[in-house]
Amino acid sequence: MTGGGRIVVATLTAPAGACAAGRARVYRLGVADYRPPLTDISFVHDNLIDLDQICRLDTFQHLDPDTIKAVLEENGRFVSEVIAPLNRIGDTQGSQHQPDNTVTTPDGFIAAYQAYVEGGWGAVPFEPEYGGGGFPWLVGIVMQEFISSANMAFSMCPLLTQGAIDMLRHHGDEAQREIYLPKMVSGEWTGTMNLTEPEAGSDVGALRTKAVPQDDGTWRITGTKIFISFGEHDMADNIVHLVLARTPGAPPGTKGISCFIVPKFLVNDDGTPGERNDVTCVSIEHKMGIKASPTCVMSYGEAGGAVGYLIGEENRGMRYMFTMMNNARLSVGLEGLALAERAYQDALQYAQERRQGTAPGSPAGESSFIIDHPDVRRMLLTMKAYIEAMRSLIYVTAERMDVALSHPDADVRQANQEQVELLIPICKAWSTDLGVEVTSLAIQVYGGMGYVEEAGVSQHFRDARITPIYEGTNGIQAMDLVGRKLPQRAGGVVEDFLGAIHDLDAPLAKAGDDLASIRSNLAEAVGVLTETTTWLMENGLADVRNALAGATPYLRMFSLVTGGWLMARQALAAQAHLDAGTGDAALMAAKIVTARFYAEQLLPAVKGLQSPVTSGFGDLFAIDPAHLAG
Ligand SMILES: Cc1cc2nc3c(=O)[nH]c(=O)nc-3n(C[C@H](O)[C@H](O)[C@H](O)COP(=O)(O)OP(=O)(O)OC[C@H]3O[C@@H](n4cnc5c(N)ncnc54)[C@H](O)[C@@H]3O)c2cc1C
């Protein structure tokens, strides 16, 4: 598993005071090159997803599974050779705010972004009419995994651009689409999403930025936005800000929000960037991670008002945001997976290089590789199992998005859309929580070196920590699951989902002894989930505080069972390959072991979550805030 990796032996002088004797210390650092996990992705594509079906949809008939795989291989190569090597320098240099209110990105970022644009990578999942490659979202999502693993801070620029493209293609008028989309799809211009304000975070409806209509049909925007990713930078010719604001007389809350295009440079008639708009990045945040991604405080209208163009109709901005929320939340969930994968690659390599202690069964006096210690194996297998569960969850959901969008049968579209809606909070919250847990485990595998910045693994943990917070905190995701998703079709959607998990029992029963504990653990877990869901629906209706108090442990329970279902499907597929003598036998055997580990050692946590979900809100509010301090 060391293939492609490289060992960096660095001699570092400890900073003054850090080492009592002030002497030079020698660190041997195991630094893994990023390797796109093509084998596992192929397994998911070949066994959990129907790539052929996707390629038969009208929109994608020009494609076939082999072409898709070739594009992904080439993208993986590009990302690991061009983008991944900048991850560390991005962390140490960070983006910098300059006195003239420009922002400079770390060394190498401009050239790498240029190469990304020239390769046409940002365009792959968009429509050919705007210069896109016409590939399904499922392909875009794999490329996003690669780039987020390679360099999460860098990846946020194309990711935000994708979000802005999505908004314009669905809700922009024809003229707006013609002006902005070709440049944004190519990546020459980048995009931002401007929702957050000092008093409007989770509660977007509290925003105060104003938009005033002008005689020429444009609007003047004034206000302050905070935390705007890539609000200013030096990698593209123009930045297209999508800004949420209130128009005069707008109703309060989310019903009175409109969405505007506010380009950094107004666009000339010939499509080139022209006069500078009245928008300034006044500062950037100093953060614990994603340091190369500038998180900007944006001031609109300091010189009388930034020119803005209304998207769609007034007061429908929040509704438009909702239409793209699923994509955005899936993408952030994917960041959790991507960082977990990167940290796992590092930890696995380190565990095979670091010798310490003597593992049981090794000759006395021989120093063992730490991978031979059972507790280190437990950590590695936990990481691997969670990663495989997350990956299948996100890719299966992305497939359903493609089907929901492009299938000719309206009932099939509807059924897939319902399942997407149900699974999105799981994808976002569970994958980002696990991103933090798995990157933390990677540090644990390294021991003390994990805590030392030069080893590099702590960056993944620091980078991952934002993902449970933005794009709707995970608390908000849990409330979404319980408050909006469970009641879908009067509980029918979740019932269908639980039914699909129950349906796996019959094939698992036939699969034989190796899968027996997967069957029994899954059956028990889905039983607990079904019971708890019923409790939540009944007691949540009686008093909403019960549902909200139990929402986060419920989301975890739901996620663990969903992961168990997908791991069981992987085990069944692997067993079928072994029975038929097809595929790589070692890979299939490993799949079964990993699924069994998940079922026996991770899934049983579901039982322990039942009490936190069903305890209700009573004790949470039983202590007066004045007495919460010790
Ligand atoms: C690095 C970074 C990049 C970002 N990029 C962007 C960007 O590009 N564009 C953009 O618009 N924004 C961006 N954000 C903002 C981000 O989306 C917000 O930080 C996030 O929505 C949370 O809002 P808040 O920080 O105000 O926290 P708050 O809303 O104050 O939340 C604080 C805590 O209270 C909880 N809470 C709040 N309301 C409720 C409720 N009703 N019920 C239960 N719990 C609740 C939250 O879950 C959280 O735990 C970014 C933020 C960061 C740090």
Filter result (assigned to a helix (DSSP H, G or I) and touching a residue at least 60 places away in the same chain (Cβ under 8 Å)) within segment 93-112: 93, 109, 110
Condition broken by residue 576, with the remaining ones in (1) touching a His at 6+ places or on another chain (Cβ under 7 Å); (2) more than 20 Å from residue 422 (Cα to Cα); (3) hydrophobic (A, V, I, L, M, F, W, C) satisfied: (1)
Among the residues listed as 146, 154, 135, 126, the single one being aromatic (Phe, Trp, Tyr) and within 15 Å of the ligand (Cβ to nearest atom): 154
Residue 496 open to solvent by less than 10 Å² (accessible area, probe 1.4 Å) and in a helix (DSSP H, G or I): no
Test: residue in segment 224-245 that is modelled with pLDDT of 95 or more, of a type in the set (Lys, Arg) and either open to solvent by 20 Å² or more (accessible area, probe 1.4 Å) or away from the ligand (no atom under 16 Å from the Cβ) (or both): no
Yes/no for residue 330 being in contact (Cβ under 8 Å) with a residue 24 or more places away in the chain, within 25 Å of residue 448 (Cα to Cα) and either among the hydroxyl-bearing types (Ser, Thr, Tyr) or not in a loop (DSSP other than H, G, I, E, B) (or both): no
Close pairs (6 angstrom Cβ cut-off, 6 or more residues apart or separate chains): open to solvent by less than 10 Å² (accessible area, probe 1.4 Å) in segment 287-303, assigned to a loop (DSSP other than H, G, I, E, B) and more than 13 Å from the ligand (Cβ to nearest atom) anywhere: 292/106
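One line per residue, one yes/no per condition, for (1) more than 16 Å from the ligand (Cβ to nearest atom); (2) on the phi > 0 side of the Ramachandran plot:
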position	(1), (2)
417	yes, no
425	no, no
434	yes, no
441	yes, no
447	yes, yes
465	no, no
469	no, no
476	no, no
Qualifying residue in segment 272-284 (condition: without any contact (Cβ under 8 Å) to a residue 12 or more places away in the chain, farther than 20 Å from residue 168 by Cα, assigned to a strand (DSSP E or B) and out of contact with any Cys (no Cβ under 6 Å at 6 or more places or on another chain)): yes
Cβ pairs under 6 Å, 6+ apart, first in segment 189-201 and among the aromatic types (Phe, Trp, Tyr), second in a loop (DSSP other than H, G, I, E, B): 189/236
Residue in segment 320-329 that is under 24 Å from residue 214 (Cβ atoms), away from the ligand (no atom under 16 Å from the Cβ) and surrounded by fewer than 18 Cβ atoms within 10 Å (Cβ to Cβ) present: no
Filter result for the condition that a residue is open to solvent by 10 Å² or more (accessible area, probe 1.4 Å) and of a type in the set (Gly, Ala, Ser), over 211, 175: 175
Residue identified as buried (at least 22 other Cβ atoms within 10 Å of the Cβ), free of Cβ contacts under 8 Å to residues at least 40 places away in the same chain and either within 27 Å of residue 137 (Cβ to Cβ) or within 21 Å of the chain's Cα centre (by Cα) (or both) among 458, 440: 458
Inter-residue pairs, beta-carbon under 9 Å, first assigned to a loop (DSSP other than H, G, I, E, B) and in segment 167-180, second open to solvent by less than 60 Å² (accessible area, probe 1.4 Å), 6+ apart: 172/180; 172/181; 172/261; 172/311; 172/312; 173/311; 173/312
Every residue from segment 135-159 that is in contact with a Phe, Trp or Tyr (Cβ under 8 Å, 6 or more places away or on another chain) and open to solvent by 10 Å² or more (accessible area, probe 1.4 Å): 135, 143, 147, 158
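The values are calculated or read from the model by the stated rules, or taken from the named source; none is laboratory data. On a predicted model such as this, the values are computed, not experimentally measured, just so you know. For neighbour counting, all protein chains shown are included, and Cβ atoms are generated from backbone atoms with ideal geometry for every residue, glycine included. These accessible areas exclude ligands, DNA and RNA; they are computed on the full protein's heavy atoms, side chains included. Shrake-Rupley method; radii C 1.70, N 1.55, O 1.52, S 1.80 Å.
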